[in-house]
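The values are calculated or read from the model by the stated rules, or taken from the named source; none is laboratory data. Predicted, not measured: the structure shown is a model, and the values here were computed from it. Cβ placement follows ideal geometry from the backbone for every residue including glycine, while neighbour counts extend to all protein chains displayed.
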Amino acid sequence: MKGIVLRVRLISGDHLDVTYEESGSSDDDEVVEHAVAALADNDGLLRCRHGDRLMVLYARGVSAVEVAPRGAVL
(Lines give C-alpha, C1' and ligand atoms only; values in the text may rest on other atoms or scores of the structure.)
Protein backbone atom coordinates (compact mmCIF):
# COMPACT_ATOMS: atom_id res chain seq x y z
CA MET A 1 0.00 0.00 0.00
CA LYS A 2 1.47 3.31 -1.08
CA GLY A 3 0.81 6.39 1.03
CA ILE A 4 1.40 10.12 0.77
CA VAL A 5 1.07 13.04 3.15
CA LEU A 6 -1.21 15.88 2.11
CA ARG A 7 -1.44 19.34 3.65
CA VAL A 8 -5.06 20.33 3.15
CA ARG A 9 -6.28 23.93 3.37
CA LEU A 10 -9.97 24.09 4.20
CA ILE A 11 -12.43 26.71 3.03
CA SER A 12 -12.46 28.10 6.58
CA GLY A 13 -8.75 28.92 6.23
CA ASP A 14 -7.58 26.20 8.62
CA HIS A 15 -5.18 23.53 7.45
CA LEU A 16 -4.38 20.00 8.53
CA ASP A 17 -1.95 17.28 7.53
CA VAL A 18 -3.38 13.89 6.61
CA THR A 19 -2.01 10.65 5.22
CA TYR A 20 -3.75 9.08 2.26
CA GLU A 21 -3.03 5.46 1.33
CA GLU A 22 -4.05 3.59 -1.77
CA SER A 23 -3.70 -0.14 -2.28
CA GLY A 24 -2.53 -1.39 -5.63
CA SER A 25 -0.50 1.71 -6.51
CA SER A 26 3.24 1.47 -6.68
CA ASP A 27 4.01 5.08 -7.54
CA ASP A 28 3.54 8.32 -5.57
CA ASP A 29 2.42 10.11 -8.73
CA GLU A 30 -0.47 7.67 -9.20
CA VAL A 31 -1.62 8.21 -5.64
CA VAL A 32 -1.44 11.99 -6.02
CA GLU A 33 -3.40 11.87 -9.28
CA HIS A 34 -6.12 9.74 -7.70
CA ALA A 35 -6.41 12.12 -4.73
CA VAL A 36 -6.60 15.18 -6.99
CA ALA A 37 -9.18 13.49 -9.25
CA ALA A 38 -11.34 12.58 -6.26
CA LEU A 39 -11.23 16.09 -4.83
CA ALA A 40 -11.87 17.72 -8.22
CA ASP A 41 -15.40 16.30 -8.19
CA ASN A 42 -17.95 18.05 -5.94
CA ASP A 43 -19.14 14.67 -4.70
CA GLY A 44 -15.59 13.40 -4.21
CA LEU A 45 -14.16 12.22 -0.92
CA LEU A 46 -10.96 10.71 0.45
CA ARG A 47 -10.60 8.39 3.41
CA CYS A 48 -7.51 9.66 5.23
CA ARG A 49 -5.76 9.40 8.57
CA HIS A 50 -4.98 12.28 10.87
CA GLY A 51 -2.63 10.80 13.44
CA ASP A 52 -4.32 7.58 14.51
CA ARG A 53 -7.83 8.73 13.57
CA LEU A 54 -9.66 7.80 10.41
CA MET A 55 -11.34 10.77 8.75
CA VAL A 56 -13.29 11.40 5.57
CA LEU A 57 -12.27 14.49 3.63
CA TYR A 58 -15.07 15.90 1.46
CA ALA A 59 -14.15 17.85 -1.67
CA ARG A 60 -16.63 20.64 -0.90
CA GLY A 61 -14.66 21.71 2.16
CA VAL A 62 -11.22 21.78 0.52
CA SER A 63 -9.78 24.91 -1.05
CA ALA A 64 -6.20 23.68 -1.70
CA VAL A 65 -4.01 20.59 -1.36
CA GLU A 66 -0.23 20.64 -1.08
CA VAL A 67 2.00 17.61 -1.55
CA ALA A 68 5.52 18.13 -0.24
CA PRO A 69 8.39 15.92 -1.40
CA ARG A 70 9.36 15.15 2.18
CA GLY A 71 5.84 15.21 3.51
CA ALA A 72 4.27 17.33 6.19
CA VAL A 73 4.84 16.89 9.89
CA LEU A 74 2.10 14.87 11.57
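Quick check: anything in region 27-44 at pLDDT 90 or above, exposed (fewer than 12 other Cβ atoms within 10 Å of the Cβ) and in contact with a strand residue (DSSP E or B) (Cβ under 9 Å, 6 or more places away or on another chain)? No, every residue in region 27-44 fails to be at pLDDT 90 or above, exposed (fewer than 12 other Cβ atoms within 10 Å of the Cβ) and in contact with a strand residue (DSSP E or B) (Cβ under 9 Å, 6 or more places away or on another chain).
Looking across region 45-74, just one residue is among the β-branched types (Val, Ile, Thr), surrounded by 10 or more Cβ atoms within 10 Å (Cβ to Cβ) and either at pLDDT 85 or above or touching a Pro at 6+ places or on another chain (Cβ under 6 Å) (or both), and that is Val62.
The residues of region 1-26 that are outside any strand (DSSP E or B) and surrounded by 14 or more Cβ atoms within 10 Å (Cβ to Cβ) amount to a single one, Ser25.
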